[in-house]
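All of the numbers you see were taken from the coordinates with simple rules; none came from a lab. What you see is a predicted model, and the numbers here were worked out from it, not measured in a lab. Cβ sites come from the backbone with ideal geometry, for glycine too, and all protein chains shown count toward neighbours.
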Amino acid sequence: MEIATRLSNEIARYLDLDTREIQLTSANMANNAGADLVGDNGNAGNIFNAPTQVAGSAHSLQVILTNPDKIAAAGLGLGTGDGSNALAAANLATQAIIGGQTPSNYYSNLVSTLGGTVSEATTENTALSASVTQLQSQRDALSAVNLNEEAGNLEEFQRSYQAASQVFTILNSVYASALNLGVETAVA
Amino acid sequence: MRVDPFYVVNLSSALDQTQATQQQLSQELSSGRRFSAIGDDPVAAAQNVQLLNQIQRDDSFTQINSLTQGLLQVTDSALGSVVTQLNQAVSLATQANNGTLNSSDLKAISNQLAGVRDEVLSLANTTYQGQYVFGGSQTGTTPFTLNNATTPATVTYNGDANVNTLVSPNGQSIQLNLPGDQIFTSATANVLATLNNLIADYASGGAGSGVADTAALSTALNFVGQQRVTIDNSINRLSAASGAATEEATQLTVAQTNLVQADIASVSTQLALTQSQQTALINVISALGQGSLFDHLQA
């Protein structure tokens, strides 16, 4: 139960990426705040598709810009040689635009958290597998038909039978010896 | 005597464990990496993300560096040619002003100065990769256009006064251009207007205000020389910034290698140990599988 709760919390946390994606529209806003190569000034258009709802937005994220000339590198009203808007877009990388963190820090934290969860799950899996094996052994020792146990028993009975027949062989030879008055013959 | 009835199961599971360890170690040895999934070392994986990010930024800057160096070199070279042309113009004007030349000689000098003016105008409209170098941010528009209908002829600047900059990964802002109006049509030292004035002065066969205009041209010549220093500085700063970015990328790559690289000696030792354990386990299993206590009794 505890694990199920934790897993559902983890899944909820990753689904939170959807709301983060909404905040990623900063890149679109940046592209609409400058001038591009084909004469757009403040209306160059979006780089990414604009999400209409939170649910599933991270999954449906895609680049919709097809003409690289539509990247608004220049500042508003400036010529094509200017790069101030491109600089503003590049500076998004160092701004806390996703959940109060920079994009690379957010991704780094996501990797770390996800990796930690995977590692934790692997450890728990190993521990629980060991526990299951132990419990199965205990149960089998009490009730189940264990093939190894049966094989062991079979071996044991076989050896007992062999031992018993060995006794008979010896007795047989003793009786033969007695009947023949100590003379070893082929008659049993 | 009690015999563990599950010894085969227990031994098999121990063998499974050593095999899993062996597989993991072999993978580390063949790939040279300490981890192949983020779950193996979450902290190192997160650090790797940060390092990769910074290395990519440095690499991007190094890649555009050669393109930008080209732009600055072309600008510097154009300004150097402008200085040469202006020196020639000053020389011609000085010759015209010494009072020994006749009317047709002065007209010839006027024509030669027009040639110099056209050359300077062409240099002012220099392009690099299809973009005008001296147009401010208006790199798609011809910066200077000449109107010969007036006397003296007039030159119009179609660019703007914007200074384009490149920002290095460590935040250093490097100037990439000199706006054309700052060099060729400045209010204090208007190169093209002074040349046009000189051409008009001598075109009529007289000296006109040639002496004053020649002095103005000398001032303009010095001014262009001074402006050129800005571009030379940018070239030096860009080289330094590019060197720093390359150096940083190299250091970060070393750090990244150290982070993800498997310690081959340690992994090899562990692998040998695991293989010994495995061999021992297999021997135990085979020893237990064959024969019985009676075999040992008979012996």
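For B:235-246, what's the mean count of beta carbons from other chains sitting within 10 Å of each residue's beta carbon? Before the final figure, lay out the partial values.
Details: counts 0, 0, 0, 0, 0, 0, 0, 0, 0, 0, 0, 0.
Across B:235-246, the average partner-chain Cβ count within 10 Å equals 0.
Counting Lys and Arg as +1 and Asp and Glu as -1, what is the net charge of the other residues whose Cβ lies under 14 Å from the Cβ of B:I55? Don't skip to the answer; put the middle values down first.
On the way: positive: B:R57; negative: B:D58, B:D59, B:E247, B:E248.
Counting the neighbours of B:I55, the net charge comes to -3.
Answer rounded, prolate or oblate for the stretch B:13-120, using the Cα gyration tensor with square roots of eigenvalues a ≥ b ≥ c: rounded when a/c is under 1.5, else prolate when a/b is larger than b/c, else oblate.
Details: a/c = 9.98, a/b = 7.36, b/c = 1.35.
Judged from the Cα gyration tensor, the stretch B:13-120 comes out prolate (a/c at least 1.5, a/b above b/c).
Sort A:151-161, B:155-165, A:79-89 by the packing proxy (mean of other Cβ within 10 Å over each peptide's residues), most packed first.
Numbers: A:151-161: 11.7, B:155-165: 18.4, A:79-89: 20.8.
Result, highest mean first: A:79-89, B:155-165, A:151-161.
For a quick protection proxy, order the peptides A:47-56, B:46-55, B:136-145 by their average other-Cβ count within 10 Å, most packed first.
Working: A:47-56: 13.1, B:46-55: 17.8, B:136-145: 20.4.
Top to bottom by mean Cβ count within 10 Å: B:136-145, B:46-55, A:47-56.
Enumerate the amide H contacts of B:R33 below 5 Å, restricted to partners 5 or more residues apart or on another chain; note that Pro and chain-start residues carry no placed amide H.
The answer is B:A262.
What value, in deg cm²/dmol to 500, does the helix sum -39500 (n - 2.57) over DSSP H runs of n ≥ 4 give at 222 nm once divided by the residues of chain B? Present the calculation step by step, with values, prior to reporting the outcome.
Values: 8 runs with 203 residues, N = 299.
The helix-only estimate for chain B comes to -24000 deg cm²/dmol at 222 nm.
Taking amide hydrogens as modeled 1.01 Å from N in the peptide plane, which residues meet the under 5 Å criterion relative to B:T185, leaving out close sequence neighbours?
B:V191
Let me confirm one metric for peptide B:38-48, namely the mean number of other chain beta-carbon atoms within 10 Å of its residues' beta-carbons. Before the final figure, lay out the partial values.
Working: counts 10, 10, 4, 2, 10, 5, 2, 7, 11, 3, 2.
Partner Cβ neighbours, averaged per residue: 6.
So if the hydrodynamic radius of the stretch B:49-255 is defined as the Kirkwood radius over C-alpha pairs, what does Stokes-Einstein give as its diffusion coefficient at 10 °C and 1.306 mPa s, in µm² per second? It would help to have the intermediate numbers written out before the result.
Values: Rh = 18.7 Å.
Calculated translational D: 85 µm²/s.
Rg/Rh for the stretch A:148-188 to two decimals, with Rh computed the Kirkwood way over all alpha-carbon pairs. Working shown, then result.
Numbers: Rg = 15.5 Å, Rh = 11.8 Å.
Result for the stretch A:148-188 is an Rg/Rh of 1.32.
For B:A249, what charge total do you get from the other residues with a beta carbon under 12 Å from its beta carbon, if Lys and Arg give +1 and Asp and Glu give -1? Numbers along the way, then the final one.
Values: positive: B:R57; negative: B:D58, B:D59, B:E247, B:E248.
Taking every other residue near B:A249 into account, the sum is -3.
Counting partner chain Cβ atoms within 10 Å of every residue's Cβ in B:201-210, what's the average? Write down the numbers at each step before the final one.
Details: counts 0, 0, 0, 0, 0, 0, 0, 0, 0, 0.
For peptide B:201-210, the averaged partner shielding equals 0.
Considering every pair of different Cα atoms, what Kirkwood radius, in Å, is found for the protein assembly as shown? Mind dumping the intermediate values first?
Working: mean 1/r = 0.0316 Å⁻¹.
So the Kirkwood estimate lands at 31.6 Å.
Taking amide H atoms as placed 1.01 Å from N in the peptide plane, list the residues 5 or more away in sequence, or in a different chain, whose amide H sits under 5 Å from that of B:T145.
B:T156, B:N158
Per-residue HN-Hα couplings for the stretch A:75-89, Karplus 6.51 cos²θ - 1.76 cosθ + 1.60 at θ = phi - 60°, whole Hz, x for Gly and Pro?
x, 4, x, 9, x, 5, x, 6, x, 5, 6, 5, 5, 4, 5
Wrap a convex hull around the Cα atoms of the stretch B:116-191, take a quarter of its surface area, and give that in square nanometres. Don't jump to the answer; show the numbers that get you there.
Numbers: hull surface 24.1 nm².
Dividing the Cα hull surface by four gives the mean projection, 6.0 nm².
Per residue of the stretch A:56-72, what does 6.51 cos²θ - 1.76 cosθ + 1.60 with θ = phi - 60° give for ³J(HN,Hα)? Whole Hz please, x for Gly and Pro, Karplus curve as stated.
Karplus-based 3J(HN,Hα) across the stretch A:56-72 equals x, 5, 5, 5, 8, 5, 8, 7, 10, 6, 10, 9, x, 5, 7, 7, 7 Hz.
What are the ³J(HN,Hα) couplings of the stretch B:274-287, residue after residue, when phi is run through the Karplus curve with 6.51, -1.76, 1.60 and θ = phi - 60°? Round to Hz, x for glycine and proline.
With coefficients 6.51, -1.76 and 1.60, one gets 4, 5, 4, 4, 4, 4, 4, 4, 4, 4, 4, 4, 5, 5 Hz.
For the stretch A:34-188, what percent of Cα pairs sit more than 27 Å apart?
Working: 7891 of 11935 pairs.
Counting every Cα pair in the stretch A:34-188, those more than 27 Å apart make up 66 percent.
For the stretch A:37-105, what class follows from the C-alpha gyration tensor (a ≥ b ≥ c being the square roots of its eigenvalues): rounded when a/c is under 1.5, otherwise prolate if a/b is larger than b/c, else oblate? Intermediate results must be reported in sequence, preceding the final value.
Details: a/c = 2.76, a/b = 1.40, b/c = 1.97.
Cα axes put the stretch A:37-105 in the oblate bin.
Give me the net charge of B:Q138's neighbourhood, meaning all other residues with Cβ under 15 Å from the Cβ of B:Q138; Lys, Arg count +1, Asp, Glu -1.
On the way: positive: none; negative: A:D36, A:D82, B:D160, B:D181.
Cβ neighbours under 15 Å give a net charge of -4.
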